[in-house]
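Enquirer: Pasting a structure below so you can have a look.
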Amino acid sequence: MENILSPSLLAADFGKAAQQLKEIEAVGTQYIHLDVMDGMFVPNISFGIPVIQSLRKDTDMIFDVHLMIVEPERYIEAFRKAGADIINFHVEATKNPKEVLSKIKQTGAKTGITIKPKTPVCEIVPYLKDVDMVLVMTVEPGFGGQKFMAEQMQKVEELAKIRKQEGLLFDIEVDGGVDLTNVEKVLQAGANVIVAGSAVFGAEDIAKRAKEFLKILQEKKT
Ligand code: DX5
Ligand code: ZN
């Protein structure tokens with residue numbers, strides 16, 4: 001499976017977002033992770049549809065949208081129209097994950113299902129054959145710059161095992177507190193899409209930092 005870097009825009013300088021996106025794209029970054037927060041599902045508000053729509057003009061990177069909003073089924077089409085390529089929603093945020101998945105599929109976007117640190121893998125097992133991606137949170141969602149929860153790697157291992165047993169092909173993405181010191185452990189556990197917010201956009205030279213991540217991701221290719 002291809003290892004992919006998905007830097008989280010949440011840690012970028014929003015006033016220079018377009019320029020910063022171009023910088024990381026130029027060194028080969030494939031995805032940009034877009035954290036949408038509604039102040040209800042998580043105790044923070046970030047950005048939404050118009051910002052994503054505006055950024056779409058500035059880059060060809062894959063838009064990996066992480067919805068931290070209640071009842072995501074209400075806004076799937078709008079996010080797709082704004083430019084989302086992958087739409088991740090939280091299983092805890094909806095009464096009907098199957099409906100959300102079919103709405104995402106109808107738009108032609110890739111489907112992603114996300115679990116918070118306290119949510120066990122068994123909660124999403126019924127949906128695994130219908131998803132392109134599973135996102136395992138390694139911090140409580142809501143804020144960048146938190147400490148990586150290493151014990152969540154058990155869930156990544158469990159998902160990688162199920163994927164193999166069932167002959168499925170979904171990507172496993174890890175989000176929260178990933179940096180150059182722990183990224184290898186994350187890959188080793190079986191994840192192949194790596195979110196890094198402050199570790200990329202907090203660096204003095206963001207292009208250089210993205211390159212450092214990309215080098216590790218390439219070397220550890222399985
Ligand atoms: C947290 C977000 C993360 C966050 C990651 O709710 O989902 O994507 O921006 O930031 P870092 O890498 O700084 O933990
Ligand atoms: Zn995220």
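Enquirer: Please go through region 42-80 and give me each residue that is touching a residue at least 60 places away in the same chain (Cβ under 8 Å) and within 14 Å of ligand 2 (Cβ to nearest atom), ordered by number.
Expert: Of everything in region 42-80, those that are touching a residue at least 60 places away in the same chain (Cβ under 8 Å) and within 14 Å of ligand 2 (Cβ to nearest atom) turn out to be VAL42, ASN44, ASP64, HIS66, MET68.
Enquirer: Only one of these is basic (Lys, Arg) and open to solvent by 50 Å² or more (accessible area, probe 1.4 Å): LYS155, LYS110. Name it.
Expert: LYS110
Enquirer: Is it the case, given these coordinates, that GLN20 is surrounded by 20 or more Cβ atoms within 10 Å (Cβ to Cβ) and either of a type in the set (Val, Ile, Thr) or modelled with pLDDT of 95 or more (or both)?
Expert: yes
Enquirer: Same structure, new question: Please find, within region 11-26, the residue that is farthest from ILE62 (Cα to Cα) out of those that are part of a helix (DSSP H, G or I) and in contact (Cβ under 8 Å) with a residue 60 or more places away in the chain.
Expert: Across region 11-26, the extreme among qualifying residues is ALA11.
Enquirer: Right, next: Could you check region 169-194 and list, in sequence order, the residues that are open to solvent by 20 Å² or more (accessible area, probe 1.4 Å) and under 13 Å from THR138 (Cα atoms)?
Expert: Result: GLY177, ASP179, LYS185.
Enquirer: May I pose another question? Name the one entry in LYS208, LYS185, LYS221, LYS215 that is in a loop (DSSP other than H, G, I, E, B) and either away from ligand 2 (no atom under 16 Å from the Cβ) or of a type in the set (S, T, N, Q) (or both).
Expert: LYS221
Enquirer: Which of the residues belonging to region 158-168 are free of Cβ contacts under 8 Å to residues at least 40 places away in the same chain and either crowded, with 18+ Cβ neighbours inside 10 Å or not acidic (Asp, Glu) (or both)?
Expert: LEU159, ALA160, LYS161, ARG163, LYS164, GLN165, GLY167
Enquirer: Restricting attention to region 48-65, and to residues there that are of a type in the set (A, V, I, L, M, F, W, C) and open to solvent by 20 Å² or more (accessible area, probe 1.4 Å), which single residue is farthest from ligand 1 (Cβ to nearest atom)?
Expert: Selected residue: ILE49.
Enquirer: Note down all Cβ pairs under 8 Å where the first residue falls in region 188-216 and is free of Cβ contacts under 8 Å to residues at least 60 places away in the same chain and polar (S, T, N, Q), the second is away from ligand 2 (no atom under 16 Å from the Cβ) and part of a loop (DSSP other than H, G, I, E, B), and they're at least six residues apart or on different chains.
Expert: GLN188/LYS220
Enquirer: Moving on to the next point. Considering only region 53-80, how many residues are among the hydrophobic types (A, V, I, L, M, F, W, C), within 18 Å of the chain's Cα centre (by Cα), closer than 18 Å to GLY112 by Cα and not in a loop (DSSP other than H, G, I, E, B)?
Expert: 7
Enquirer: Restricting the search to region 103-136, which residues are β-branched (Val, Ile, Thr), part of a strand (DSSP E or B) and within 23 Å of MET153 (Cβ to Cβ)?
Expert: ILE113, THR114, ILE115, VAL134, VAL136, listed by residue number.
Enquirer: Now a separate question. So is GLY39 touching a Gly at 6+ places or on another chain (Cβ under 7 Å), within 16 Å of ligand 2 (Cβ to nearest atom) and open to solvent by 10 Å² or more (accessible area, probe 1.4 Å) or not?
Expert: Criteria not met by GLY39.
Enquirer: Further question on the same structure: Determine which single condition GLN154 fails, assuming it passes every other condition in (1) of a type outside the set (Asp, Glu); (2) outside any helix (DSSP H, G or I); (3) more than 22 Å from SER46 (Cβ to Cβ).
Expert: (2)
Enquirer: For region 134-153, enumerate the residues that are small (Gly, Ala, Ser) and more than 9 Å from ligand 1 (Cβ to nearest atom).
Expert: The one that is small (Gly, Ala, Ser) and more than 9 Å from ligand 1 (Cβ to nearest atom): ALA150.
The values are calculated or read from the model by the stated rules, or taken from the named source; none is laboratory data. Small disclaimer: the values here were computed from a predicted structure and weren't measured. Ideal geometry is used to build each Cβ from the backbone, glycine not excepted, and the neighbour counts take in all protein chains shown. Side chains are part of the model used for accessible areas, which takes the heavy atoms of the whole protein and leaves out ligands, DNA and RNA. Shrake-Rupley method; radii C 1.70, N 1.55, O 1.52, S 1.80 Å.
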